[in-house]
Structure formats: structure tokens, C-alpha cells
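Below: one structure in C-alpha cells.
The values are calculated or read from the model by the stated rules, or taken from the named source; none is laboratory data. All figures in this text were calculated on a predicted structure; none of them were measured in a lab. As a convention, Cβ positions derive from the backbone with ideal geometry for all residues, glycine included, and neighbour counts pool all protein chains shown.
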Amino acid sequence: MIALTADPIDFSSAYHYLQTDEAGAIDFFFGVVRNNTQQRSVNQLDYEAYGPMAIREMQKIADQACERWPILKYVVIHRTGVLRIGEMAVLIGVATPHRDAAFEATRYIIDTIKQTVPIWKKELFADGEVWVNATP
Amino acid sequence: MTQPHTVLLFGITRDLVGQSRLSVPLTKGSRVSDLVAHLNAQYPALTGVKSILVAVNSEYAEPNTLLDPSDEIALIPPVSGG
């Protein structure tokens with residue numbers, strides 16, 4: 001399951017979706033909003049996505065992961081909009097027969113999302129804002 | 001003769017240009033590299049972005065990819081999801 005959503009991510013429904021009798025391991029990664037970057041205090045993050053392309057790119061990554069590891073079920077959900085400190089920005093969940101594959105696939109999916117999926121975040125500070133990674 | 005091509009802008013590119021959608025006049029047979037050169041000339045602030053890729057119909061395109069007025073074109077500044 002792949003989704004972009006402006007609503008808070010519901011961990012328990014993702015977990016419920018991943019449960020299957022063949023799974024011996026379910027691994028999750030949550031990306032959450034941190035209150036600082038490079039010693040500067042962050043108030044909020046504003047996530048923006050090029051929706052149709054972001055969905056396609058996330059699907060490609062999930063498909064690649066399914067070719068490399070014996071994935072029984074997966075969930076990839078990314079938030080959009082303004083998020084406060086502590087809110088979940090991304091959830092990756094993978095169910096596999098054994099734990100090694102679940103750990104590796106989850107790591108692969110989040111690492112690759114950060115490289116290729118057209119989603120951008122703007123850090124909102126008390127005294128300004130910055131698009132992350134956009135300028136040298 | 002030029003034809004209008006619609007270009008979607010996101011993130012820092014939208015902020016720099018001040019619009020989320022541009023209509024860019026390009027001659028028939030123009031490629032991604034021609035579009036980028038046109039935009040850099042018209043909006044010099046874009047040259048300050050670390051890198052800008054171009055997506056055509058929701059797929060990353062190469063500099064030599066041909067553009068058609070019916071394409072959905074988007075500028076992709078450095079991504080920062082997660």
C-alpha cells in the first residue's frame with residue numbers, strides 16, 4: 001500500500017494491514033519531525049509533494065524492494081502539509097518471513113525515498129524559513 | 001513559431017518564480033535542455049538552486065528529451081522527503 005496524505009498517519013491501521021500468517025517479522029520505520037537542525041530551533045516543517053509523480057516513484061521503490069526481498073506486504077505513507085514537532089512525516093512498514101529481509105527492505109525504502117521521490121520540506125523557524133537541501 | 005508548454009513548479013522553484021504554473025513558449029522540437037536554458041534566462045534566481053531536474057509526464061527526463069505541448073512538465077528541485 002502506497003499513500004500520500006494530509007491527515008495524521010495511523011500506525012495501528014498500518015500494522016493491522018501488514019499482519020499475515022506467513023510473516024515472522026514486521027519492521028517499521030517512522031520519520032518524525034525534530035525540533036532542531038544544525039543547532040537552529042525548528043518550529044514546524046511544511047511538506048509539499050508533486051502528488052502523481054510522488055506516488056509513482058514510491059511505487060517503483062516498493063516494486064524494487066519486492067524484487068530484492070521476499071516481502072509479503074508493505075506500507076509506505078508520506079504526509080503533506082504543515083507538521084508540528086513530534087508528528088510522523090513518513091511511515092514504512094514491511095512484513096517478511098524472517099527479520100533480516102524486513103530490516104534491509106525497510107532501510108532500502110526510506111533511503112531511496114529520500115533520494116528520488118518528489119517531496120520537499122521547508123523548515124519554519126521563529127525568524128524565517130528554508131527549503132531543505134535546495135541551495136548550496 | 002512557438003507553442004505554449006505548461007510547466008509546474010514546486011518547492012523553492014515556485015517560491016523563486018512566484019507562480020506554481022508557467023506557460024513557456026518553446027519552438028517545435030525543443031528539448032528539456034532548451035526549456036532549462038529559457039527558464040534560467042528568464043528567472044536568473046533559478047540558477048542559485050543546487051540542481052533542477054525536469055519531469056515529463058511524471059517521469060524524470062534527460063536533457064535531450066523532446067517536449068510536446070501536451071506534456072505535463074515539472075521542475076524538480078533537490079528532493080527532501082522523509
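Among residues belonging to segment A:65-83 that are surrounded by 14 or more Cβ atoms within 10 Å (Cβ to Cβ) and of a type in the set (D, E, K, R), point out the one that is farthest from the other protein chains (Cβ to nearest Cβ).
The residue in question is A:LYS73.
Right, something else. Restricting to segment A:13-64, and then to whatever is closer than 29 Å to A:ALA126 by Cα and of a type in the set (Ser, Thr, Tyr), can you tell me which residue is surrounded by the most Cβ atoms within 10 Å (Cβ to Cβ)?
A:TYR50
Tally the residues that are part of a strand (DSSP E or B) and surrounded by 17 or more Cβ atoms within 10 Å (Cβ to Cβ), restricting the search to segment B:34-67. If you could, list the steps in order and put the result at the bottom.
So in segment B:34-67, the residues part of a strand (DSSP E or B) come out as B:53-56, B:59-60, B:66.
Of the ones still in play, those that are also surrounded by 17 or more Cβ atoms within 10 Å (Cβ to Cβ) are B:53-56.
Residues flagged as part of a strand (DSSP E or B) and surrounded by 17 or more Cβ atoms within 10 Å (Cβ to Cβ) within segment B:34-67 amount to 4.
Of the numbered conditions (1) touching a strand residue (DSSP E or B) at 6+ places or on another chain (Cβ under 8 Å); (2) modelled with pLDDT of 95 or more; (3) farther than 21 Å from B:SER58 by Cα; (4) not in a helix (DSSP H, G or I), A:LEU4 fails exactly one; give the number of that condition.
All conditions pass for A:LEU4, except number (3).
In segment B:54-82, how many are among the hydrophobic types (A, V, I, L, M, F, W, C), in contact (Cβ under 8 Å) with a residue 24 or more places away in the chain and either under 17 Å from A:VAL117 (Cα atoms) or in contact with a Leu (Cβ under 8 Å, 6 or more places away or on another chain) (or both)?
Looking only at segment B:54-82, we keep the residues that are among the hydrophobic types (A, V, I, L, M, F, W, C), and these are B:54-56, B:61, B:66-67, B:73-76, B:79.
Now drop any that are not in contact (Cβ under 8 Å) with a residue 24 or more places away in the chain, which leaves B:56, B:61, B:66-67, B:73-76.
Next cut, either under 17 Å from A:VAL117 (Cα atoms) or in contact with a Leu (Cβ under 8 Å, 6 or more places away or on another chain) (or both) only: B:56, B:61, B:67, B:73-76.
Qualifying residue count for the region: 7.
A follow-up question, please. Take segment A:92-105 and flag every residue that is surrounded by fewer than 23 Cβ atoms within 10 Å (Cβ to Cβ) and under 16 Å from the mean Cα position of the chain (by Cα). Spell out how you get there, then give the answer.
First pass over segment A:92-105, keeping only residues surrounded by fewer than 23 Cβ atoms within 10 Å (Cβ to Cβ): A:97-101, A:103-104.
Those that are surrounded by fewer than 23 Cβ atoms within 10 Å (Cβ to Cβ) and under 16 Å from the mean Cα position of the chain (by Cα): A:PHE103, A:GLU104.
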